[in-house]
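To start, the structure itself, in structure tokens.
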Amino acid sequence: MQAAAARRTLSSLASKIHPQLPLTPRESQQLLNLLTTSFRSHLDREYPSGPSEAPPASTSTQLVKVEKSRRLPSSYDSASEHIDSILSNPLFARKPSRRVSDLAAASALNDPFAWFLDQAAIGTADIPKAALCLDLLPRSQNTTKGRRGSLSNSDRRPASMIAEWLRTSGRETSKEFLISQLSTKGAPRRNLVNRLVPLLLFEGNHAPLWRWYAYEPEEGDMLNQAQLSPFKCQLLKEMINAARTRDEAFAIFQHAFQLAEAGKRNAYVKSLQVAGARLVDMIVSDPQVPCTPEFYEQFALSTRGWLFAWKPVVQAMLCLCNPTEPDPQPALKIIKNADSFLASTHSKPSRQRFLVRMCLGAAQQLIKEEKLADAQIAMQFTKEHFEDLVLIKYHSSVPHQMNRGVPEKKKIQEEQRNIALLDGFLAT
């Protein structure tokens, strides 16, 4: 009896020293309010806000703005923002399902976004699961109304939520996220950033993309600039590919170019070359896509900072594709002095095709301007140096049975006929 009484006494004393955590929602809310009030009071004591005296009535509007800018921020607002950022984290913003499991395939298929939030809430989310969520998301149906933890269509921003999870969990600076893994065939796998870029642009959330692009490893980090270069190249190129308009693509590239000019040029020049080449290809393949002339001019001027030996050819092509005033003269100048450019195209078929396209585009524009002599120079240059690209050829890879009925004399006649048609076009 004495032992039982002693245990009850100790239990009562322990409950007073270490009371149980509140179990009801009302008690939980009271505890949260108490912690919030205590935290704000501590901030008010440590960082008191400055006086905010109202300016006299005679003060001008400009002085009012200056006075407001000098006031210290309220500790109440700082505390509120800090607490909101904590509570909006997936670890706290969502109550996980008690039956959540890695084997719950049905949950992932029915609502992959809710499944991933459950994984984040219990601390088992990782980068492969985030990639799986984004892969399954287009195939999944809308979240069932009334389901526990379901989100309305206006609140479902999966890419932004996953980007925030990457930030708060520290994984956005991890090797797993920044280094592209190779597949069994040796090609880079389509990693998480490829999936996130178009969705983040669609959601209008550019901040995570630029935070990743501007990330600089500190001394002692396991990663260096050389290892990060492929990630930045891939990220900026995907942003250009996912741009919804030509103007948006120009704006994205211009922002990256400004970052490079702000003292970090060497770290970003490779990514500018990759993304810039992609943007040039888009312009050349479809120059009729509408865009703002000022944005186009800014991009054309930026080539001075990220192109080197091939810069004059690209600039001449951009002059040809100008949306308001196509100019063939830079291309014609290159054609008349093309020895240095021809040497750099022998081992690069892509450059050969680009140069041929520039020459044909210049000839076409010169004909529109009724400068037929200059157009003939451009066509003659193309025929002399890139005959295999502009004339029809019979290749030895064609089966012998298909070539049996085509005598050699007919092949020569066909080739001569093509050249005569080309010459006739020039004569007109």
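Place a +1 charge on the Cβ of each Lys and Arg in the stretch 215-364 and a -1 charge on the Cβ of each Asp and Glu, then give the dipole magnitude about the Cα centre in debye, rounded to the nearest 20.
Using Cβ point charges on Lys, Arg, Asp and Glu, the stretch 215-364 gives about 640 debye.
Suppose every K and R has +1 on its Cβ and every D and E has -1 on its Cβ; what is the size of the dipole of the stretch 186-300 about the Cα centre, in Debye to the nearest 20?
Its charge dipole is roughly 400 debye.
Residues with beta-carbon under 15 Å from that of Ile240, excluding Ile240: net charge, scoring Lys, Arg +1 and Asp, Glu -1?
+1
How would you rank Tyr215, Tyr268, Tyr296, going from fewest to most other Cβ atoms within 10 Å of each one's own Cβ?
Numbers: Tyr215 15, Tyr268 24, Tyr296 19.
Placing the least packed residue first, the sequence is Tyr215, Tyr296, Tyr268.
Mind sorting Thr245, Thr324, Thr382 by how few other Cβ atoms lie within 10 Å of their own Cβ, fewest first?
Sorted ascending by nearby Cβ count, the order is Thr324, Thr245, Thr382.
Using the Cα centre of the stretch 247-321 as origin and beta-carbon charges of +1 (Lys, Arg) and -1 (Asp, Glu), tell me which of Met317, Gln298, Tyr268 is placed farthest towards the positive end of the dipole.
Result: Tyr268.
What ratio of Cα Rg to 2.2 N^0.38 Å holds for the stretch 186-300?
On the way: Rg = 14.4 Å, N = 115, 2.2 N^0.38 = 13.4 Å.
Cα-based Rg divided by the globular estimate yields 1.08.
Toward the positive end of the charge dipole of the stretch 186-300, about the Cα centre and with charges on Cβ (Lys, Arg +1; Asp, Glu -1), which of Phe231, Phe257, Val280 goes farthest?
Phe231
Using the Cβ atoms and a cut-off under 15 Å, what net charge is assigned to the surroundings of Thr345, where Lys and Arg are +1 and Asp and Glu are -1? Walk me through the intermediate numbers first.
Details: positive: Lys311, Lys348, Arg351, Arg353, Arg357; negative: Asp339, Glu384, Glu387, Asp388.
Here the charged neighbours net out to +1.
Please report Arg171, Arg353 as a ranked list, fewest other C-beta atoms within 10 angstrom at the top and most at the bottom.
By the 10 Å Cβ count, ascending: Arg353, Arg171.
Read the figures in this text as sums done on the coordinates, not as results from a lab. Nothing here was measured: the structure is a model prediction, and the numbers come from that model. Counting neighbours? That spans all protein chains shown, and the Cβs are built from the backbone with ideal geometry, glycine included.
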